[in-house]
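Before any comments, here is the structure.
The values are calculated or read from the model by the stated rules, or taken from the named source; none is laboratory data. Small disclaimer: the values here were computed from a predicted structure and weren't measured. Note: ideal-geometry Cβ built from the backbone for every residue, glycine included; neighbour counts use all protein chains shown. Note: accessible area is taken over every heavy atom of the protein model, side chains too, but ligands, DNA and RNA are not part of it. Shrake-Rupley method; radii C 1.70, N 1.55, O 1.52, S 1.80 Å.
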Amino acid sequence: MADLLPPLGTAQTDGKTKVDEKVDYSNLPCPVPYEELHREAIMSLKADNFEGLRFDFSKGLNQKFSLSHSVMMGPTEVPSQSPDTTIKIPTAHYEFGANYFDPKLMLIGRLMTDGRLNARVKADLTDRLVLKANGQLTNEPHMSHAMFNFDYMGSDYRAQLQLGNSALIGATYIQSVTPRLSLGGEVFWAGVPRKSGIGYAARYDTDKMVATAQVASTGTIAMNYVQKISDKVSLATDFAYNYLSRDVVASVGYDYILRQSRVRGKIDSNGVASALLEERLSMGLNFLLSAELDHKKKDYKFGFGLTVG
Amino acid sequence: MATKRTGAGKSGGRDSSILAKIANHEIANKGRRAACDAVYVSKKLLRSTGKAAWIVGTSFLILVVPLLIQAERDQMLGEIELQQASILGPPPPGALQ
C-alpha cells in the first residue's frame, strides 16, 4: 500500500513542469524527412495487400550480412482498355536478395527470375549528409532507371537534392517552425515529359495525434489524420483530391498492434474494404493473411503468406 | 345456391354486366395500378436490402471478425500471464530476468 502513494505525487508535478516550459525557438527538434511526412498514415492505411501466396525467408550469415529468398505466386493485374474489366494473369516468381547492414552503410540488392535487378544504397557520408541511391535494371530497353538523393540534416531543418537518370531533378526542404509544427516544400523538374512542379506540405504532431496536409502543382491535395487512442490502437483517416483529374478518395482505417499480432483494416469511398492480419506464430515466424473486397468492381482478392526470419 | 349468394336486389341476367361494370370502374383500375406499383417497389426494396446486407455482411467479416478473434486471444494471453505471475509470485532479488 505504501508504494502506491508516491507515484501519484510525481505524476502531477511532471504534468505541471511540461505545461510551464516555454517554447525555446532556437532549439527546435529536427523534423521528419519530407517523404516520410505522412508515415504514420501510410503505416495504418497503405498496408500492402497482396493476392496469392507469399513466402519470405531471410537468413543472417553474419552480424551485418544476410540473404533473403522470397517466392510470390498469384495473379497480377494487367491494365486493360475498359475500366470495368480487370485482366489478371497468373504469375509466379522467385526473388533472391542480399543485404549488408552497417551503422554507416546499408546495401540492399534484389534479383528476380524475370530478369529485374534492384539495388539500394544508403551511405552516411558525414554526420549530417546522407547519400541514398536506388537503381533498377530490366531486360526491356529503356525501362531501367536510377535515382540519387543527397540528404542534409541541419539542426531544425532537412534539405534533400534528388537526381534521376532521365534528367529528373528535385529538391525538398522541411523546417520545424514550432516543436509541433513543421512546414516544407518541394520543386522538381522532369526532362523527358518536360514538366516541372512545386508542392507544399505541413505536419502537426502531438503525442496523441498527427495531422498532415500536402498540396502539389501536379494536382494532388492530400490530407491525413492519425489519432493514437492507446498504446495498441490507432485510427487513421485520409482524404485525397486531384483537382486536375477530378477524382476524390477518402478512407478510414484502424491499426491494432497486439502482442502476438497486428491487424490493419481500411474502408474506402471507392467501395473497397481491405484488411491485413500478421500473426506471430513463434519466434521469427510470421503468418500473413490479406483480404481486399472491391464492391464496386466486384473484384475480390485474398492472399496468405509466411515470413521466416 | 348461386342465386342465393348473388343476393338481394340483383337478378341473374344482369349479374355479369354489373360485376363487369364494377371491375372496369376507374377506382378498380387505380387499385390495380397501385397493387402493381406496390409489388414493384417491394421487389426493388428487397433486392436493394439484400445487396446492402451482402455488402455489409462481407465487409464486417473482413474488417471486424479477425480483430475480435485477435483481441480475445490477446486477452486470454494476458489472463494466463496474470495467473502465472500470481502462482509463481514475485521473482527473488538475485534472480535472472
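Checking every one of the trypsin sites (Lys or Arg not before Pro) in the range A:84-126 against DSSP loop status and a limit of 16 other Cβ atoms within 10 Å picks out A:104.
What share of the DSSP beta bridges in the protein assembly as shown is antiparallel, in percent to the nearest 5?
Working: 153 of 159 bridges.
Roughly 95 percent of the DSSP beta bridges within the protein assembly as shown come out antiparallel.
Ignoring ligands, DNA and RNA, please state the percent of accessible area on chain A from carbon and sulfur, probe 1.4 Å.
On the way: 11930 of 19190 Å².
Heavy-atom surface of chain A belonging to carbon and sulfur, 1.4 Å probe: 62 percent.
Average accessible surface for the range A:34-308: 58 Å² per residue, computed with a 1.4 Å probe over protein heavy atoms with every protein chain in place. If you run the Gaussian network model on chain A, springs between alpha carbon atoms under 10 Å, then out of A:251, A:26, A:66 the most flexible one is A:26.
Counting only aspartates and glutamates at least 8 places from residue A:297 when in the same chain, those with an alpha carbon closer than 14 Å to its own are A:77, A:84, A:268.
Counting other Cβ atoms within 10 Å of each Cβ, which trypsin sites (Lys or Arg not before Pro) in the range A:224-263 have at most 14 and sit in a DSSP loop? Don't skip to the answer; put the middle values down first.
On the way: sites: A:228, A:232, A:246, A:259, A:262; in loops: A:232, A:246, A:259.
Here the sparse-neighbourhood loop sites are A:232, A:246, A:259.
Residues A:209, A:143 ordered from highest to lowest accessible area at a 1.4 Å probe: A:143, A:209. Structural descriptor for chain A: relative contact order 14 percent, calculated from alpha carbon pairs under 8 angstrom and at least 6 residues apart. The chymotrypsin sites (Phe, Trp or Tyr not before Pro) found in the range A:212-309 that occupy coil by DSSP, while having at most 16 further C-beta atoms within 10 Å, are A:243. The B-A contact accounts for approximately 1400 Å² of buried accessible area, totalled over both chains at a 1.4 Å probe radius.
Cα-Cα over 24 Å: which of A:132/A:301; A:104/A:208; A:228/A:298; A:228/A:266; A:59/A:228; A:122/A:232? Can you show the working numbers first?
Working: A:132/A:301 34 Å; A:104/A:208 32 Å; A:228/A:298 33 Å; A:228/A:266 16 Å; A:59/A:228 34 Å; A:122/A:232 31 Å.
Correct reply: A:132/A:301; A:104/A:208; A:228/A:298; A:59/A:228; A:122/A:232.
Quick check: Cα centre of the range A:29-63 to Cα centre of the range B:52-97, how many Å? If we compute the Cα centre of each part, the gap is 25 Å.
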